[in-house]
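First up is the structure itself, then whatever we jot down about it.
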Amino acid sequence: MAPPRLIARHAAHPRGLFGRFVGGLMNRFNSRINRFALELLDVQSADRVAEIGFGGGVTLAPLIERAAHVTGIDRSRDVVAWATARFRAAIDAGRADFRLGEIEALPLESSQFDKVCSINTVYFWRSLPEGASEIRRVLKADGVLALGFLPGEAMARLGFPQDIFTFRSADDVAHALRQAGFGTVEVRRLEPHTAWNVIVAR
């Protein structure tokens, strides 16, 4: 089995064949939180949706199936290439596109999206205020964000390396979103006995 730090590095920034392998592992590990986040996002057929940090890409297929258009943003050139190849038919039909980018400077026009989702990415944001402000910028005035993650205390219990993952509390993430201009910010837990959180911000 690969060393945990190697897996952690590829979870943060997937590259090459091993990055694809780690993406598959993360898809299985994150399957329940991904389903919960999509349920809360409630994507409709007319929605334009952005997924930021799509990684292994497990949520892309259901988003493309439901939405009018899906834009995926990731900081890994390799995963952008994988998604572009996998969803070529949707791209050719004008229903999807994939771009290289960072949360602090999204390569997107302002007020463009009805919905944004991002799962297990806040650990890699260099700045919570900058990331929250960028998401608010690209959302329409009545847009909705679903942001899923494990809070810092759960990350610590699971032994995630803090030099790769920045631990975030739900309170800190919610505060950054409110400061960025989101009017309603709700922290939803997957189940009472789990640590997974999804913040729904409007």
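The values are calculated or read from the model by the stated rules, or taken from the named source; none is laboratory data. This is a predicted model, so every value here is computed, not measured. A quick note on method: Cβ atoms are made from the backbone with ideal geometry, for glycine too, and the neighbour counts reach across all protein chains shown. In case anyone asks, the SASA skips ligands and DNA or RNA and just uses the protein heavy atoms, side chains included. Shrake-Rupley method; radii C 1.70, N 1.55, O 1.52, S 1.80 Å.
The set of residues from the range 156-195 being open to solvent by 30 Å² or more (accessible area, probe 1.4 Å) and of a type in the set (Phe, Trp, Tyr) comprises Phe160, Phe167. In the set (1) in a loop (DSSP other than H, G, I, E, B); (2) open to solvent by 40 Å² or more (accessible area, probe 1.4 Å); (3) touching a helix residue (DSSP H, G or I) at 6+ places or on another chain (Cβ under 7 Å), the condition left unmet by Ser133 is number (1). Regarding Phe18, is this residue surrounded by fewer than 20 Cβ atoms within 10 Å (Cβ to Cβ), more than 23 Å from Leu190 (Cα to Cα) and modelled with pLDDT under 90? Spelling it out, Phe18 is indeed surrounded by fewer than 20 Cβ atoms within 10 Å (Cβ to Cβ), more than 23 Å from Leu190 (Cα to Cα) and modelled with pLDDT under 90. Residues of the range 75-105 that are among the charged types (D, E, K, R) and touching a Ser or Thr at 6+ places or on another chain (Cβ under 8 Å): Asp97, Arg99, Glu104.
Could you please find all residues in the range 52-76 being more than 16 Å from the chain's Cα centre (by Cα) and of a type outside the set (Gly, Ala, Ser)? Those that are more than 16 Å from the chain's Cα centre (by Cα) and of a type outside the set (Gly, Ala, Ser): Glu65, Arg66, His69.
In summary, Leu41 fulfils each of the numbered conditions (1) touching a helix residue (DSSP H, G or I) at 6+ places or on another chain (Cβ under 8 Å); (2) open to solvent by less than 70 Å² (accessible area, probe 1.4 Å) with the single exception of condition (1).
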